[in-house]
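Student: Quick one: the structure is below, and I'll ask about it shortly.
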Amino acid sequence: MEPFVTQTGRAVPLRRSNVDTDQIIPASYLKRVTREGFGDGLFAAWREDPSFVLNQPRYDGATILVADTDFGIGSSREHAVWALLDYGFRAVIAPRFGDIFRTNATKAGLLPVVLPEKTVALLQDAAEADPPASVTVDLAGREVRATGGGLADSLAAAFEIDDYTRWRLMEGLDDIGLTLRHEDAVSAFEASRPGWLPVTQ
Amino acid sequence: MSSAPRTLAEKIWDAHVVRSEQGEPDLLFIDLHLVHEVTSPQAFDGLRAAGRKIRRPDLTIATEDHNVPTTGITGPGVPLTGPDSPVTDPVSRTQVEALRRNAAEFGMRLHPMGDASQGIVHVIGPQLGLTQPGMVIVCGDSHTSTHGAVGALAFGIGTSEVEHVLATQTLPQVKPKTMAVNVSGALPSGVTAKDLILAIIAEIGTGGGQGYIIEYRGEAIRSLSMDGRLTVCNMSIEAGARAGLIAPDEVTFDYLKGRPHAPSGAAWETALEYWRSLPTDEGAAFDREVTIDASVLTPYVTWGTNPGQALPLSDSVPDPASTRDPGAAQRALTYMGLTAGTPLRDIPVDTVFVGSCTNGRISDLRAAADVLRGRRVASGVRMLVVPGSMQVRQLAEEEGLNEVFTAAGAEWRSAGCSMCLGMNPDTLSPGERSASTSNRNFEGRQGKGGRTHLVSPAVAAATAVTGRLTAPADL
């Protein structure tokens, strides 16, 4: 995956809670057998509404999505992450994420950032302002910063992310390669498993 | 390993740690990996690109369930291509072909459409006895939580993690917190496992379980059949919890005994001894506890566009201002075409769907058939009954349930995910409204523009009879 260190750009306010992965990428797009090209299906149903935020030219080229709470709930489809990445997003900011979505995001190089609801609302206002704020998601410094967009003062909000996930994202590391370094431990564990456990063949 | 009192989830976790290092996620061993056609092709491509194999094909099993049709399945060997194939969508066909090619190339057991053991991935695992207490089970599907009903730690994963499990039979995981959902009292007659889990989700909210493994406990849980427990654990993800489980007990052991992959003879006794050691120890602490009184519950139905937006069927469409998320409620009412104050019982439906990994097992079909026996599906209403597996279908036919359904005017189908998820031929049309025994009422979940009300199999059947949301007691 592509490493993520810091990202500065235009943010898109998505003022909806409980955005499930069926909305992010409808099931009809899931018949494909590749990882590429899912951007066309991103929020496919909502994008049919001309007033939907992603249809507004002022958000063209945005790289940061700022959503309300419980973003990415529901289906485990990693296609939701692939669709956001393919469309051009590198980070999603929300007060809370669906567990599986958040994990999938960190495996594919999309940074999920948890910030308090009030901060998210401030960022959404600043992203909507004319001219809009410039938003920086700094994984190295574990901080989101915003300037302009009607903000009286520059905004700087720290976010939490565990050291291991941060390191993996910053290095763009493949989890499988990391695990295979411990193949001896896996083999030893396998040798200790009880014989009555089921096998499929 | 600690000698302090531990929860069921902690015991399973501790028994599967391959490697634990300060500041890193634990590396967990995976006892069983379930695979289906939709979330696996890219994972196999990854294996191929890296020159890797499936580390443990003997702990891996695949089925075709999500995108395959549930009509025209003539039996084993039903063709995937040609004029006699039930699969008419070329994109779906390509995906199924990819699974078959991957199964052959990587030595993975596969139950293809038409096969006697084919079915929804979360129905066939327990049915085959592959799902056992104390195991760690994963699948590229969020409803993997279903398998927690037998006392396994089971959770859904994404395609990158599917590839990781295929390659290493392990997963790096951060240990979640634990939540006890204590269900006191007994469920009143006519109130089912589905009503219970809808009530639990309405209480916790769609994000309330985020970061937790839920253990369902208490009298009402102990009294549930295995099918009912599978329904409850299935929808843990709809409360935000990646996993939900129930301690194994005599119900579990009776369910497992004699199944094709359950241990037998001396191995059964050894396994049983281990399984009996699994339940949460007296004095073990949960990070959060929630209590629900089962005795006051009535049939539940969703009114909105997430599973937490549910109310007793006797209630009315809520005023958004009275809900915990007014903005979401207002948007949901607009999408659902509903007006606040309308009695839920007055909502007419076009389609009734009985099936899915939530409610596609034999007990669910029996419950629906009990309501439909001697009655007719209302004129203008379409009813689909889709068994969760071909084995459930066979059992239902032996019991004559299929005749009850067809005599009532319902369609009797072959096994698959069908109308649960809008990626096979069974979908709702824009604006069409369903009463569905599935698990998600998200916008467009059952087809673009479709409107879904989640219900139990008994409520689904009663609704089919009247053409509006109805409990069996109302008939």
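Student: Can you divide the C-alpha Rg of chain A by 2.2 N^0.38 Å and report the result to two decimal places?
Tutor: After normalising by residue count via 2.2 N^0.38 Å, the value is 1.15.
Student: Sum -39500 (n - 2.57) across every DSSP H segment of at least 4 residues in chain B, then divide by the residue count to get the 222 nm mean residue ellipticity, nearest 500.
Tutor: Computed mean residue ellipticity for chain B: -9000 deg cm²/dmol.
Student: Restrict the search to region B:5-80; then list the trypsin sites (Lys or Arg not before Pro) that DSSP places in a loop and that have at most 15 other Cβ atoms within 10 Å of their Cβ.
Tutor: B:LYS53
Student: Determine the alpha carbon to alpha carbon distance for each of A:LYS31/A:LYS107; B:LYS194/B:LYS257; A:LYS107/B:LYS257 and list only those over 29 Å.
Tutor: Beyond 29 Å: A:LYS107/B:LYS257.
Student: So which lysines can B:LYS177 reach, going by Cα to Cα under 20 Å and dropping same-chain residues fewer than 8 places off?
Tutor: Of all the lysines, those that pass the test against B:LYS177 - Cα under 20 Å, at least 8 places apart if same chain - are B:LYS11.
Student: So if R0 is 51 Å, what FRET efficiency would A:ASP184 and B:ALA340 give, r being the distance between their Cβ atoms, rounded to the nearest 0.05?
Tutor: Step by step, r from the Cβ atoms, then E = 0.25.
Student: Short version: ³J(HN,Hα) in whole Hz for each residue of region B:377-384, in order, from phi by Karplus 6.51 cos²θ - 1.76 cosθ + 1.60 (θ = phi - 60°), x for Gly and Pro, what are they?
Tutor: Calculated HN-Hα couplings, in order: 5, 4, 4, x, 9, 9, 10, 10 Hz.
Student: Which far-off residues, 5 or more places away or on another chain, put their amide H under 5 Å from the one on B:SER316, with H placed in the peptide plane?
Tutor: The list, which skips near neighbours in sequence, is B:LEU344.
Student: Helix-derived [θ] at 222 nm for chain A: sum -39500 (n - 2.57) over DSSP H runs of at least 4, divide by residue count, nearest 500?
Tutor: Estimated from H runs of four or more residues: -8500 deg cm²/dmol.
Student: Please give every one of the aspartates and glutamates within straight-line cross-link reach of B:LYS448, meaning a C-alpha to C-alpha distance under 13 Å, and leave out same-chain neighbours fewer than 8 residues apart.
Tutor: Correct list for B:LYS448: A:ASP22, A:GLU48, B:ASP426, B:GLU432.
Student: From the Cα gyration tensor of the protein assembly as shown, with a ≥ b ≥ c the square roots of its eigenvalues, which class applies: rounded if a/c is under 1.5, or else prolate if a/b is larger than b/c, or else oblate?
Tutor: rounded
No value in this document is a laboratory result; all are computed from the given coordinates. Given the structure is predicted, the values throughout are model-derived calculations rather than measurements. Neighbour counts run over all protein chains shown; Cβ positions are idealised from the backbone, glycine included.
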